[in-house]
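One structure is given here, and the rest of the page talks about it.
Read-outs throughout are calculated quantities, based only on the coordinates presented, and are distinct from any laboratory measurement. Being a predicted model, the structure only gives us computed values, none of them experimental. No Cβ is skipped: glycine too gets one built from the backbone with ideal geometry, and neighbour counts run over all protein chains shown.
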Amino acid sequence: MFLCLRLTIFVAVVLCACAPTPTPPATADRFNAPRQQMVAEQIRARDVRDVAVLRALETVPRHEFVPVEWLAQAYEDHPLPIGHGQTISQPYIVAAMTELAQIKRGDRVLEIGTGSGYQAAILAALTDQVYSVEIIPALAESAAANLKRLGYTNVVVKNADGYNGWQEFAPFDAILVTCAPDHIPPPLIAQLKDGGRMIIPVGPVGGFQTLRRVFKRGDQVLTENVMGVLFVPLTRAK
Ligand code: SAH
């Protein structure tokens, strides 16, 4: 009996020693520390509180969405060029807009202005159906390829003029617009679900823009102004 117990302990010890090393979490990259620092100093410090949003910002590898020449600044507190005269938004703006959209799992979300695909990846961490429209063909193509390479199977990207939304998949629980029109496009309001939220910067090209949150409640459309922002303009297809 005593021998048997000793044997069991021995076997258990040998088994433990041979157990495979756990796979490191996806965040164990050389950018993990700057990413956590970004969330602490730029996002939490500015009062973004939604735990799921913070978790998404802590895990989505922003450095995979910036051009290689800007890699060293991937987690800094400003937008960065992504080519074609466009930018990936400042991390805080991405976080604030995502929190305002109050996304929960199962929501169907539309983004206008795919750009690098980073905001789409953040949304894809929060729900399972993300649709994103980009007007510049090369950006739509590279963002779609990058999202696929990184394993985001729940984002669909289309090259089109997002002013018209994406009728085929409407209505949406949330719409995020990451380029600024000078008025709220009526098709986007029409494609918002009853009870849905739209986060959209509105203002003249190069001028003062206001980030707005639009709620649709039955026939009513309620708009609140959130803060001043500076986005690239929403351009129209010719
Ligand atoms: N959300 C992006 C930020 C992109 S910047 C990111 O996470 O990187 C805004 C983007 O909106 C640009 O790529 C620009 O080409 C695109 N855009 C401008 N007008 C548009 C329109 N009418 N429809 C769709 N995309 C548009």
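So the label point goes 7 Å from the Cα of R236 along Cα→C-beta, right? Which residues of the stretch 112-132 then have their backbone N under 18 Å from it?
Once the point is set 7 Å along Cα→Cβ of R236, 113 turn out to lie under 18 Å by backbone N, inside the stretch 112-132.
Based on the Cβ-Cβ distance of Q73 and T153, what FRET efficiency does E = 1/(1 + (r/R0)^6) give at R0 = 41 Å, to the nearest 0.05? Let's see the in-between values first.
Numbers: r = 29 Å, r/R0 = 0.70.
The calculated FRET efficiency here is 0.90.
Only sites in a loop by DSSP and with at most 13 other Cβ atoms within 10 Å count here; which trypsin sites (Lys or Arg not before Pro) in the stretch 39-110 make the cut? Please report the intermediate quantities before stating the final value.
Values: sites: R44, R46, R49, R55, R62, K104, R105, R108; in loops: R49, K104, R105.
Qualifying residues, ordered by number: R49, K104, R105.
Taking the Cα atoms only, what angle lies between the long axis of helix 91-100 and the longest principal axis of the chain, rounded to 10 degrees?
Between the helix axis and the principal axis of the chain, the angle is about 80 degrees.
How far is helix 137-149 tilted off the main Cα axis of the chain, in degrees rounded to 10, range 0 to 90?
So the helix axis and the longest Cα principal axis differ by about 20 degrees.
Please find, in a Gaussian network model of the chain (springs between Cα atoms separated by less than 10 Å), the residue of D219, D29, D161 whose mean-square fluctuation is greatest.
D219
Going toward the positive end of the dipole of the chain, with +1 on Lys and Arg Cβ and -1 on Asp and Glu Cβ, which of M227, F31, A125 do you reach last?
A125
Report the Cα centroid-to-centroid distance between the stretch 208-238 and the stretch 41-78 in angstrom, as an integer.
23
Just the number, please: percent antiparallel of the DSSP beta bridges in the stretch 13-229, rounded to the nearest 5. Spell out each step's value before the answer.
Working: 18 of 36 bridges.
Close to 50 percent.
For the stretch 107-212, build the convex hull from the C-alpha positions and give me its volume per residue in Å³. Intermediate values should be presented prior to the final figure.
Values: hull volume 9.6 nm³, N = 106.
Considering the Cα atoms of the stretch 107-212, their hull volume per residue is 91 Å³.
Over all directions, the average projected area of the alpha-carbon convex hull for the stretch 162-238 comes to how many nm²?
Numbers: hull surface 19.8 nm².
Average projection, Cα convex hull of the stretch 162-238: 5.0 nm².
What 222 nm value per residue comes from the helices of the chain, counting each DSSP H run with n ≥ 4 as -39,500 (n - 2.57) and dividing by all residues, nearest 500 deg cm²/dmol? Kindly include the intermediate steps, with their values, before the conclusion.
Working: 7 runs with 68 residues, N = 238.
Calculated at 222 nm, the ellipticity per residue is -8500 deg cm²/dmol.
Can you give the convex hull volume of the alpha carbon atoms of the stretch 109-158 per residue, in Å³?
Values: hull volume 2.7 nm³, N = 50.
With only Cα atoms used, the stretch 109-158 gives 54 Å³ per residue.
Along the Cα→Cβ direction, 7 angstrom out, place labels at D161 and Q36. What is the inter-label distance in nm?
With each label point 7 Å from Cα toward Cβ, the separation is 4.8 nm.
Can you give the FRET efficiency to the nearest 0.05 for V221 and A138, using r as the Cβ-Cβ distance and R₀ = 25 Å? Walk me through the intermediate numbers first.
On the way: r = 35 Å, r/R0 = 1.39.
Given R0 = 25 Å and the Cβ-Cβ separation, E is 0.10.
If I model the stretch 13-229 as equal point scatterers sitting on the Cα atoms and use the Debye formula, what is log10 I(q)/I(0) at q = 0.13 Å⁻¹?
These q points yield log10 I(q)/I(0) values of -0.72.
Sequence gap of 8 or more, or different chains, plus Cα separation below 29 Å: how many lysine pairs satisfy both in the chain?
Taking the Cα cut-off of 29 Å, the pair count is 11.
How far, in degrees from 0 to 90, does helix 2-18 lean away from the longest principal axis of the Cα atoms of the chain, to the nearest 10?
The helix 2-18 is inclined about 40 degrees to the chain.
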